[in-house]
Ligand SMILES: NC(=O)c1ccc[n+]([C@@H]2O[C@H](COP(=O)([O-])OP(=O)(O)OC[C@H]3O[C@@H](n4cnc5c(N)ncnc54)[C@H](OP(=O)(O)O)[C@@H]3O)[C@@H](O)[C@H]2O)c1
């Protein structure tokens, strides 16, 4: 029987690169659950705008678009015959859909990341031919833990920096308890920053907002310590690693840390490299002579945030809101073990694009695209 992959979140930053690899490197049919409220379109538009795939007959034939919403029963798939058809056909599920916002109220974050995951898992449990279920999580399900974080560790009581971490943690706990009935592998990513070759960013998240604040001269401080290692990974290498783990080396009941590890930039280096990259990408910016942000204690940072928020500047408020819920993670240094990953992909580190080699390109892309306003 031909392989039939059902994918959620395939139009997102990570999902789109993974789907593109699945089209190019497999013969599988792809059933894409496209958010009914989100950006979508017909097959041709989706193939071109999300996957940069030409309107090839083969791709058109292998793609099926299903409108839905993972927060709803049966993932919001309106036609019960379509849903039942999927139950019989699907051999692989890759669940990428999530809210990656750090500032949602807990109930809303849970609705998408926990209830949504339960609905996709419920679908998986009912699939009669399911062989594999892949789930993308975050390395920060470790929350406020510090020190060594092993891949096979999950439950803890250290607490969380934001509702995103907490809701992804709860989703992982749920899936772990399903391990006997669904063949699940969990892929925990650190922070995806952009493409290692072009610097392109398809979804601007908290770290990009931190760069924006520095560019606007609004970041006078960050919390943490100068030598905190900020773990950043590229979207292209993340996708090819996910593809290799899921398609070529599937291991049920295992968790993998897809992270940069040693050699990533420290917090001080992020500040220095950002200033260097901004000066190179925009010579007029240098004349503004903004001071570099200081690295300060949590108390000092919170004071700064409170006074900045009360200034009531709408741009500043948006940028700060994303940043505030991420910056506190800088107070909890950790080291993500990669034993399971390296056992499966021993050359992972050899091929890993070093963040120092492409961070400048990401900065340039942020500035040139005005943080996504110009495509
Ligand atoms: N980006 C990172 O740095 C990072 C780091 C660690 C882990 N992760 C994990 O990686 C996965 C992918 O993240 P990403 O960065 O690619 O996120 P993203 O760019 O925000 O994409 C999220 C995807 O989920 C879809 N989606 C959201 N709500 C949905 C709903 N209710 N029903 C159906 N689809 C829905 C979105 O569709 P619409 O846009 O059309 O709504 C989009 O396709 C997530 O599980 C995330 O937790 C990401």
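Structure notes:
- For region 139-268, the Kirkwood estimate of hydrodynamic radius, built from reciprocal distances between every pair of different alpha carbons, is 16.5 Å.
- Residue 318 versus residue 286: modelled label distance in nm, points set 7 Å from Cα along the beta carbon direction: 3.0 nm
- Computed over region 105-158, Kirkwood Rh from alpha-carbon pairs, angstrom: 13.5 Å
- Model label points for residue 244 and residue 125, set 7 angstrom from Cα along the Cα-to-Cβ axis, are 3.5 nm apart.
- Volume per residue of the C-alpha convex hull in region 1-106, rounded to whole Å³: 110 Å³
- Debye log10 I(q)/I(0) for region 222-268, one point scatterer per Cα, at q = 0.28, 0.30, 0.32 Å⁻¹: -1.02, -1.08, -1.15
- Principal-axis analysis of the Cα atoms of the chain puts helix 206-215 at an angle of about 30° to the longest axis.
- Equivalent ellipsoid semi-axes, region 55-208, via Cα gyration tensor eigenvalues times 5, rooted, Å: 28, 21, 16
- Highest-first packing order for the peptide set 240-250, 192-202 is 192-202, 240-250, based on the mean count of other beta carbon atoms within 10 Å.
- Evaluated at q = 0.13, 0.21, 0.23 Å⁻¹: base-10 log I(q)/I(0), Debye formula over Cα of region 223-315: -0.74, -1.11, -1.17
- Estimated FRET transfer efficiency (residue 48, residue 350; beta-carbon r; R0 45 Å; 0.05): 0.85
- Our analysis of region 110-196 gives Rg over Rh at 0.99, with the two radii drawn from alpha carbon positions and Rh computed by the Kirkwood formula.
- Direction-averaged projected area, Cα convex hull, region 166-240: 7.5 nm², rounded to one decimal.
- Size check on the chain: the Cα extents along the three principal axes, sorted descending, read 62, 46, 43 Å.
- Cα centroid of region 27-102 to Cα centroid of region 131-145, whole Å: 22 Å
- On Cα atoms only, tilt of 314-327 relative to the major axis of the chain in degrees: 80 degrees
- Per-peptide average of other Cβ atoms within 10 Å, ordering 94-100, 286-292, 354-360 highest first: 94-100, 354-360, 286-292
- Gain on full extension, evaluated as 0.36 nm per residue between residue 72 and residue 177 minus their Cα-Cα distance, stands at 35.7 nm.
- Taking the number of Cβ atoms within 10 Å of each Cβ as an exposure proxy, the fewest-first ranking of 153, 170, 165 is 153, 170, 165.
- Of all beta bridges that DSSP places with both ends in the chain, some 5 percent have antiparallel geometry.
- Relative to the longest principal axis of the Cα atoms of the chain, the long axis of helix 80-89 makes an angle of roughly 90 degrees.
- For the peptides 173-183, 116-126, 266-276, residues were scored by their other Cβ atoms within 10 Å and the scores averaged per peptide; the highest-first order is 116-126, 266-276, 173-183.
- Comparing Cα centroids, region 152-195 and region 297-375 end up 19 angstrom apart.
- Gain on full stretching of the segment that runs from residue 220 to residue 300 - 0.36 nm per residue minus C-alpha separation: 27.7 nm
- Kirkwood hydrodynamic radius (C-alpha pairs) into Stokes-Einstein, region 1-45, 25 °C and 0.890 mPa s, D in µm²/s: 220 µm²/s
Quick note: the coordinates plus some simple rules give every number you see, no bench work behind them. All values reported here derive from a predicted model rather than from experimental measurement. Heads up, the Cβs are rebuilt from the backbone with ideal geometry, glycines too, and the neighbour counts pull from every protein chain shown.
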